[in-house]
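**Student:** First the structure, then my questions, so here it is.
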């Protein structure tokens with residue numbers, strides 16, 4: 001095949017241009033650390049990475065929801081713990097008041113203490129989340145679930161939160177668990193004890209002690225349910241953290257460069273460019289020497 | 001006496017022949033850098049020798065060009081121009097669909113993620129604000145992309161109009177060269193220039209060119225429309241399609257207008273027509289379908305649930321009336337936009353703390369509610385991937401066509417290219433022969449002088 005001098009120069013220039021382009025591509029990879037920045041770079045890898053990103057974002061949403069729920073249920077457990085302590089104190093006072101050696105004045109004093117504990121229990125049962133939600137109100141969480149007399153005005157709805165795309169976990173404990181449906185009406189019972197003490201009504205007071213025992217067990221059982229829910233939510237948070245790590249690893253493997261391979265590629269491309277430039281220089285010199 | 005005079009004639013003819021060789025070699029060197037120039041060569045022919053006159057004469061310079069190769073080069077030029085233009089148009093389309101911040105699938109995932117968080121605390125106004133903000137950003141992202149895609153359509157139309165005007169000018173020039181060749185005979189330089197014009201025309205409209213027995217070139221589009229026939233050239237004009245608003249390409253021959261838009265299967269115009277009517281239209285339709293699916297599917301769930309005020313039946317997005325144009329007109333429902341407490345997170349009558357609605361909205365992320373039974377996120381990803389795959393394929397096509405074009409350029413150079421060293425050698429050869437002939441003529445002249453002085 002006949003090859004003219006100018007053709008050789010054209011080929012040499014094209015080779016140098018290709019080598020420069022390869023160096024630019026390799027430099028961009030090494031600098032950015034990314035192999036795939038747009039779909040056309042590698043449609044299969046880009047698609048896989050985007051699907052993983054979407055899953056990661058959805059998982060982060062679920063993690064956020066689970067964390068909010070875990071915080072709320074921890075707060076609920078705190079309120080139930082307070083309630084449990086208050087119940088124990090009321091029971092102690094009730095037992096003291098039921099003692100035959102106490103007179104009416106002494107019981108009136110105890111009644112005042114129990115009433116104070118009752119008010120504290122109402123406050124604990126009406127605990128709100130940082131977002132202003134009443135935690136023990138069930139679905140009616142914009143209003144205080146327990147009235148000043150201890151009556152429950154919420155409902156029995158227990159909210160669930162999505163732990164992933166196909167399952168949920170209990171996220172709230174309704175205050176209905178502190179009502180007669182689950183044993184006794186816990187908060188009105190405290191008011192009842194205070195009233196019995198104030199009225200020096202020994203038979204009612206003695207009868208209330210048994211109910212107080214039931215109430216203590218009722219609150220303890222509710223705390224057990226709360227603890228179980230908290231445990232599930234904690235495990236979910238840990239699982240989500242692992243999932244996020246796995247998905248990030250997948251995204252990295254899809255779109256990021258292997259730095260060793262990229263650096264090697266850059267070195268090769270640079271060498272090729274140097275060689276190409278040398279060939280061009282020799283070629284031009286040769287053609288000049290030959291009058292071309 | 002007569003023999004010496006014959007020798008003088010031989011010398012003069014030979015001198016002329018050698019000088020024409022010098023002239024052709026000089027012309028070749030002078031045009032070594034002229035794009036499209038085909039080298040020429042002088043063929044010397046020996047005349048019948050003694051006892052007749054003898055000597056040498058030069059024929060007309062021969063142009064080193066191959067008609068078949070020229071046709072292949074034009075076809076390859078049209079194909080390469082189409083591939084490069086397609087790659088450029090599709091790269092721009094890919095930017096319109098996938099660049100400019102978070103992708104649609106990422107924005108959609110953020111919305112679902114935020115709805116998931118609302119489900120954890122449905123009465124929390126900050127979480128509701130966050131979800132509605134994500135909804136606004138998704139809408140803005142989809143509308144921005146719809147506008148960017150439409151901008152690509154308009155740019156393609158502008159290029160089609162500009163290139164059609166350019167093609168019309170080239171067709172006119174091609175006919176003009178046919179006329180000059182008809183008048184001036186087979187001037188090699190005119191043919192080279194005509195080939196260049198034909199190649200440029202192919203780069204705009206594809207098509208093919210053939211030279212008939214009279215040396216006249218005919219240029220025909222892929223669909224058979226004749227653009228140049230000898231000295232007659234049709235105009236290539238554009239008009240606006242009243243339905244789509246797109247530019248259509250017409251070949252105008254006198255009063256006859258022929259729509260050739262879909263027949264142009266090569267060149268830059270073919271690339272832009274294909275990108276506009278297939279890739280860009282496909283991306284726009286895909287985005288419309290996605291926007292329609294997002295709006296209608298989320299609306300259906302949202303309307304079945306209640307806001308903090310316990311009222312249900314409200315939309316989350318403005319309900320689209322049809323798929324076409326759904327992306328450009330997508331909007332957050334004005335009532336929800338103004339008051340995020342209307343986000344329907346609860347089942348009707350279940351109380352504001354219920355999260356049935358928020359969970360149902362969140363769960364839509366994993367349900368195959370988009371066209372083709374895909375999830376909405378996957379539909380968004382597939383839309384971007386489809387454009388990316390087309391852009392990737394166009395790049396590959398451009399590389400492949402470049403290789404073919406380079407190969408043909410090598411073949412053309414092998415046949416028609418000027419090699420300066422070769423021409424300098426020829427120049428030296430003809431120059432030496434010319435000098436020798438000059439000496440011959442001087443010698444004979446001296447002999448004649450001697451003879452005459454002795455008579």
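The values are calculated or read from the model by the stated rules, or taken from the named source; none is laboratory data. On a predicted model such as this, the values are computed, not experimentally measured, just so you know. Every residue, glycine as well, gets a Cβ built from its backbone with ideal geometry; the counts of neighbours run over all protein chains shown.
**Student:** Checking the structure you have, find out if any residue of region B:38-59 is in a helix (DSSP H, G or I), within 21 Å of residue B:421 (Cβ to Cβ) and modelled with pLDDT of 85 or more.
**Tutor:** The answer is no, given that none of the residues of region B:38-59 is in a helix (DSSP H, G or I), within 21 Å of residue B:421 (Cβ to Cβ) and modelled with pLDDT of 85 or more.
**Student:** Right, something else. Looking at this structure, is residue A:242 within 14 Å of another protein chain (Cβ to nearest Cβ), assigned to a helix (DSSP H, G or I) and free of Cβ contacts under 8 Å to residues at least 24 places away in the same chain?
**Tutor:** no
**Student:** Only one of (1) surrounded by 15 or more Cβ atoms within 10 Å (Cβ to Cβ); (2) at negative phi; (3) at pLDDT 95 or above fails for residue A:150. Which number is that?
**Tutor:** All conditions pass for residue A:150, except number (2).
**Student:** Out of the residues in region B:346-370 that are within 52 Å of the chain's Cα centre (by Cα) and in a loop (DSSP other than H, G, I, E, B), which is nearest to the other protein chains (Cβ to nearest Cβ)? Walk me through how you get there before you give the answer.
**Tutor:** Here is the first cut: in region B:346-370, the residues within 52 Å of the chain's Cα centre (by Cα) are B:357-370.
Subsequent filtering for residues that are in a loop (DSSP other than H, G, I, E, B) retains B:367-370.
Details: B:367: 9, B:368: 12, B:369: 13, B:370: 13 Å.
Across region B:346-370, the extreme among qualifying residues is B:367.
**Student:** Can you say whether residue B:268 is away from chain A (no Cβ under 14 Å), touching a residue at least 60 places away in the same chain (Cβ under 8 Å), part of a loop (DSSP other than H, G, I, E, B) and touching a helix residue (DSSP H, G or I) at 6+ places or on another chain (Cβ under 7 Å), as far as the supplied structure shows?
**Tutor:** No: the conditions fail for residue B:268.
**Student:** I want to confirm something. Restricting to region B:383-415 and keeping residues that are in contact (Cβ under 8 Å) with a residue 40 or more places away in the chain, facing another protein chain (nearest Cβ under 9 Å) and over 23 Å from the mean Cα position of the chain (by Cα), which single residue is nearest to residue A:38 (Cα to Cα)?
**Tutor:** Start the filter on region B:383-415 by keeping residues that are in contact (Cβ under 8 Å) with a residue 40 or more places away in the chain, which leaves B:383-384, B:386-388, B:390-391, B:394-395, B:397-398, B:400-402, B:404-405, B:408-409, B:411-412, B:415.
Then keep just the ones that are facing another protein chain (nearest Cβ under 9 Å); that gives B:384, B:386-388, B:390-391, B:394-395, B:409, B:411, B:415.
Right, trim to over 23 Å from the mean Cα position of the chain (by Cα) and you get B:411, B:415.
Values: B:411: 37, B:415: 43 Å.
Filtering region B:383-415 for residues that are in contact (Cβ under 8 Å) with a residue 40 or more places away in the chain, facing another protein chain (nearest Cβ under 9 Å) and over 23 Å from the mean Cα position of the chain (by Cα), the one nearest to residue A:38 (Cα to Cα) comes out as B:411.
**Student:** Hey, among B:145, B:136, which residue is touching a strand residue (DSSP E or B) at 6+ places or on another chain (Cβ under 6 Å) and either at pLDDT 95 or above or assigned to a helix (DSSP H, G or I) (or both)?
**Tutor:** B:136
**Student:** Name the residue that is nearest to residue A:21 (Cα to Cα), counting only residues in region A:276-289 that are touching a residue at least 24 places away in the same chain (Cβ under 8 Å) and surrounded by fewer than 16 Cβ atoms within 10 Å (Cβ to Cβ).
**Tutor:** Among them, the one singled out is A:277.
**Student:** Among the residues of region A:75-93, is there at least one that is within 14 Å of chain B (Cβ to nearest Cβ) and surrounded by fewer than 20 Cβ atoms within 10 Å (Cβ to Cβ)?
**Tutor:** yes
**Student:** Need the failing condition index for residue A:113 against (1) within 14 Å of chain B (Cβ to nearest Cβ); (2) in contact (Cβ under 8 Å) with a residue 12 or more places away in the chain; (3) over 30 Å from residue B:118 (Cβ atoms), just the number.
**Tutor:** (1)
**Student:** To continue, here is another question. Which number in (1) without any contact (Cβ under 8 Å) to a residue 12 or more places away in the chain; (2) within 14 Å of chain B (Cβ to nearest Cβ) marks the one condition that residue A:119 misses?
**Tutor:** (2)
**Student:** Given the options B:281, B:300, B:209, B:291, name the one that is in a helix (DSSP H, G or I) and either touching a strand residue (DSSP E or B) at 6+ places or on another chain (Cβ under 6 Å) or surrounded by 17 or more Cβ atoms within 10 Å (Cβ to Cβ) (or both).
**Tutor:** B:291 is the lone residue from the list that is in a helix (DSSP H, G or I) and either touching a strand residue (DSSP E or B) at 6+ places or on another chain (Cβ under 6 Å) or surrounded by 17 or more Cβ atoms within 10 Å (Cβ to Cβ) (or both).
**Student:** One residue is enough: does region B:179-202 have a residue meeting the conditions surrounded by 21 or more Cβ atoms within 10 Å (Cβ to Cβ), at pLDDT 95 or above, closer than 30 Å to residue B:343 by Cα and assigned by TED's automatic domain parsing to the domain that holds residue B:90?
**Tutor:** No: zero hits.
**Student:** Identify, from the list B:312, B:305, the residue that is in contact with a helix residue (DSSP H, G or I) (Cβ under 8 Å, 6 or more places away or on another chain), modelled with pLDDT of 95 or more, buried (at least 23 other Cβ atoms within 10 Å of the Cβ) and in the same structural domain as residue B:93 (by TED's automatic domain parsing).
**Tutor:** Being in contact with a helix residue (DSSP H, G or I) (Cβ under 8 Å, 6 or more places away or on another chain), modelled with pLDDT of 95 or more, buried (at least 23 other Cβ atoms within 10 Å of the Cβ) and in the same structural domain as residue B:93 (by TED's automatic domain parsing) holds for just one of B:312, B:305, which is B:305.
**Student:** Next question. Could you count how many residues in region A:165-177 are surrounded by fewer than 24 Cβ atoms within 10 Å (Cβ to Cβ) and facing chain B (nearest Cβ under 9 Å)?
**Tutor:** 3
**Student:** Oh, and also: If you check A:19, A:48, which single one turns out to be in contact with a helix residue (DSSP H, G or I) (Cβ under 9 Å, 6 or more places away or on another chain), surrounded by 18 or more Cβ atoms within 10 Å (Cβ to Cβ) and farther than 22 Å from residue A:275 by Cα?
**Tutor:** Working: A:19 fails: farther than 22 Å from residue A:275 by Cα.
None of the other options fit; the residue is A:48.
**Student:** Look at region B:329-345 and say how many of its residues are in contact (Cβ under 8 Å) with a residue 40 or more places away in the chain and either within 13 Å of chain A (Cβ to nearest Cβ) or touching a strand residue (DSSP E or B) at 6+ places or on another chain (Cβ under 7 Å) (or both).
**Tutor:** Within region B:329-345, residues that are in contact (Cβ under 8 Å) with a residue 40 or more places away in the chain and either within 13 Å of chain A (Cβ to nearest Cβ) or touching a strand residue (DSSP E or B) at 6+ places or on another chain (Cβ under 7 Å) (or both) number 6.
**Student:** Looking only at region B:106-140, count how many residues are under 35 Å from the mean Cα position of the chain (by Cα) and away from chain A (no Cβ under 14 Å).
**Tutor:** 2
**Student:** Quick one: count up the residues across region B:213-234 that are in a loop (DSSP other than H, G, I, E, B) and surrounded by 22 or more Cβ atoms within 10 Å (Cβ to Cβ).
**Tutor:** Here the count works out to 2.
**Student:** Right, here's the next one. Looking only at region B:145-168, decide whether some residue is under 30 Å from residue B:28 (Cα atoms), crowded, with 21+ Cβ neighbours inside 10 Å and over 21 Å from the mean Cα position of the chain (by Cα).
**Tutor:** Applying the first criterion (under 30 Å from residue B:28 (Cα atoms)) to region B:145-168 yields none.
No; the residues of region B:145-168 include none that is under 30 Å from residue B:28 (Cα atoms), crowded, with 21+ Cβ neighbours inside 10 Å and over 21 Å from the mean Cα position of the chain (by Cα).
**Student:** When residues of region A:2-39 are filtered for being away from chain B (no Cβ under 12 Å) and outside any helix (DSSP H, G or I), how many remain?
**Tutor:** Within region A:2-39, residues that are away from chain B (no Cβ under 12 Å) and outside any helix (DSSP H, G or I) number 3.
**Student:** Right, next: For residues that are at the interface with chain B (Cβ under 8 Å from one of its Cβ atoms) and not in a loop (DSSP other than H, G, I, E, B), tally how many sit in region A:135-161.
**Tutor:** Total satisfying the criteria: 2.
**Student:** Here is a follow-up. Return a yes/no flag: does region B:70-85 have any residue that is more than 10 Å from every other protein chain (Cβ to nearest Cβ) and in a loop (DSSP other than H, G, I, E, B). Spell out how you get there, then give the answer.
**Tutor:** If we filter region B:70-85 for residues that are more than 10 Å from every other protein chain (Cβ to nearest Cβ), which is where we start, we get B:70-85.
Going one step further and asking which of them are in a loop (DSSP other than H, G, I, E, B), we end up with none.
No - not one qualifying residue is present in region B:70-85.
**Student:** Right, another one. Which one is farthest from residue A:59 (Cα to Cα) among residues in region B:92-105 that are more than 7 Å from every other protein chain (Cβ to nearest Cβ) and part of a helix (DSSP H, G or I)?
**Tutor:** Restricting to residues being more than 7 Å from every other protein chain (Cβ to nearest Cβ) and part of a helix (DSSP H, G or I), the top hit is B:92.
**Student:** From the list B:361, B:408, which one is crowded, with 22+ Cβ neighbours inside 10 Å and touching a helix residue (DSSP H, G or I) at 6+ places or on another chain (Cβ under 7 Å)?
**Tutor:** B:361
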